[in-house]
Amino acid sequence: MSGALAAGAALLVALAAAAGWRLGRAATLRRLARALPGEAPPRADALAAAMRARAERVEALERAREAADARLAALVAAVPAGVLVLDGEGRVRRANPAARRLLGLTRAPEGRTLLEAGPLAELDALVRRAGREGRASAELERPRPDGLLARLLASAAPLPGGGTVLLVQDLTDLRRLETVRQDFAAHVSHELRTPIGAIRANAEALVDGALDDPDTARRFSGAILRSAVRLGDLVDDLLRLSRLEAGAWPLRAEAVPLAEALAAVEVPACAEVRLRAEIPGDLAARADRAALERVLRNLLENACRYAGEAGPVTVTARPAGEPPGSRVRVEVRDLGPGVPAAHRRRLFERFYRVDPGRSRAMGGTGLGLAIVRHLVEAMGGRVGMEPNRPRGAVFWFELPRAR
C-alpha cells in the first residue's frame, strides 16, 4: 500500500473512530470512501467498501438513536407529572411541559442549574440529599396563577450513568379531598349531635315531671318535633347527596320551560318574602324536570332565608353561552348580607357555612348548595355565585338550552 493510500486509510480510521453516533461523520466516511482513486489497488477497493459499510451502519444506528430519543421525548412530554433530568453537574438536560407548569418556570430551564432556572432552592436541596442517601422525596408548596397554593410531591433519584431524575406530582386535589373527607365526618357528627341532643334533653325533661304541666309538656314536645324534623331533613339530604355522588339518581333530559319549572316550586321559607320573576315564557332548558325544580327550590330557600325583610328575591333567566344562545342562565338575586370574598370559593361544599350559628338557627342542613352543584353538573351545566350590587348575592346556574 503506497504512503498516500496508507495515510488516507489512517485518516479514515481516525474519522471513523471519532464519528461516534453522528450522521455528519457517517457522511464524511462516505465522501472519503468515494474520494479514493478510481483505479486503486484491490486492497484500497476493499477498504473503501468497508468504510462505506461502516458509514451505513453508523447511519442506521444514528437513525435508531434519534427515533428512540423522539419516542422518549414524546413519552416524557405526555406524562402528567413533571419530569426533570439533570446531568452530573446539576444542570437541567430535559424538562417536560408539566414540570414547567407545576414549578412555574417562565423560561426554558435546559442548560441551567435549578437555582438558575427559578426559585427552586428546595428542589436543589432535595437533589443533594438524593445524592447522599440514594433517594429522597418531600412535599412542597408553590403559588398557583389563581393565587392559591399547590401541594407538590417531589421525588429525586440518581441515574446509573450520573445525574439525577426528578419527578414532581400535583397533590393539590388529593389533599383537598382528604380535607373534605375529614371535614365531612366531623360535620356529620356535629350536625347529628345537635338535634339528637335536643331530643334527648327535652325527653328527659318530660320524663322528670314536665308531663304533669300541660303547657310545659307541649313546649318540650314541640321542641322534640322540631329536632326530629331537622334530623329527618338532614338524613334525607345526606341520602340525596350520596345518590348523586354514586350516580344512582337517574336523570332524564327533556325540554323544560323555566317559567313552568319555577311556578311548580313551593318554598315555605319564601312565604313572607316578595318574589319577582323575569323569565321569558318561551325560554326552556334541556334538563331533568325534578332535578331542575330541586335546584330552584334550594336556591330560593337559601335566598329567602337570608333576604328576610330586605327582599325582594328576584329570579331572572336569559340566553347565554358560547356560541351565543346555546345555554340558558338562571340567576337568583337577594338583598341580604351577601357573602364575604373569603367564603365564596367554598360555598358549594358540603356543610360549609359562612355563619354556622345563624345557618342552623334558620333551619338549613348545610347541604342544599352542595346538592345544587351536583345536580347542575350532572345535567351538563355549571353553577356559581357573584356579589349583588349594592348588596346581597347572586347565585346562578347555566344549563343547555332546549330548542
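Readers should treat all values here as calculations from the given coordinates under stated rules, not as data from a laboratory. In this text the structure is predicted, and so the values were computed from the model without any measurement. In this analysis, Cβ positions are derived from the backbone assuming ideal geometry, glycine residues included, and neighbour counts consider all displayed protein chains.
Kirkwood's formula applied to the C-alpha pairs of the range 254-400 gives a hydrodynamic radius of 15.3 angstrom.
Footprinting exposure proxy ranking of V332, V273, fewest other C-beta atoms within 10 angstrom first, gives V273, V332.
For the range 80-125, the orientation-averaged shadow of the C-alpha convex hull comes to 2.9 nm² (one quarter of the hull surface). Antiparallel beta bridges, as assigned by DSSP with both residues in the range 254-400, represent about 85 percent of the total such bridges.
Calculated over the range 175-245, the projected area of the Cα convex hull averaged across directions stands at 5.2 nm².
Modelled spin-label separation between L167 and D236, with each label point placed 7 Å from Cα along the Cα-to-Cβ direction: 4.9 nm. If amide hydrogens are placed 1.01 Å from N in the peptide plane, which non-local residues have theirs closer than 5 Å to the one on A157? Under 5 Å from the amide H of A157 lie the amide H atoms of V165, each far enough along the sequence or on another chain.
Over all other residues within a Cβ to Cβ distance under 13 Å of E322, the charged ones net out to +3, with Lys and Arg as +1 and Asp and Glu as -1. Work out the P(r) tail for the range 79-170: percent of alpha carbon pairs separated by more than 18 Å, whole number. Here the tail beyond 18 Å accounts for 37 percent of pairs. Between Q182 and R318, the modelled labels are 4.4 nm apart [label points 7 Å from Cα along Cα→Cβ].
Note on the range 205-256: percent of Cα-Cα distances in each 5 Å bin, starting at 0 and stopping at the bin with the largest distance, equals 4, 18, 12, 12, 11, 9, 9, 7, 7, 6, 4, 1. Applying the Kirkwood pairwise sum to the alpha-carbon positions of the range 245-315 produces a hydrodynamic radius of 13.1 angstrom. With N the number of residues in the range 173-304, Rg(Cα) / (2.2 N^0.38 Å) evaluates to 1.45. Across the range 234-247, rounded Karplus estimates of 3J(HN,Hα) from the backbone phi angles (6.51 cos²θ - 1.76 cosθ + 1.60, θ = phi - 60°) give 5, 5, 4, 5, 4, 5, 4, 5, 5, 5, 5, 5, 8, x Hz, Gly and Pro being marked x.
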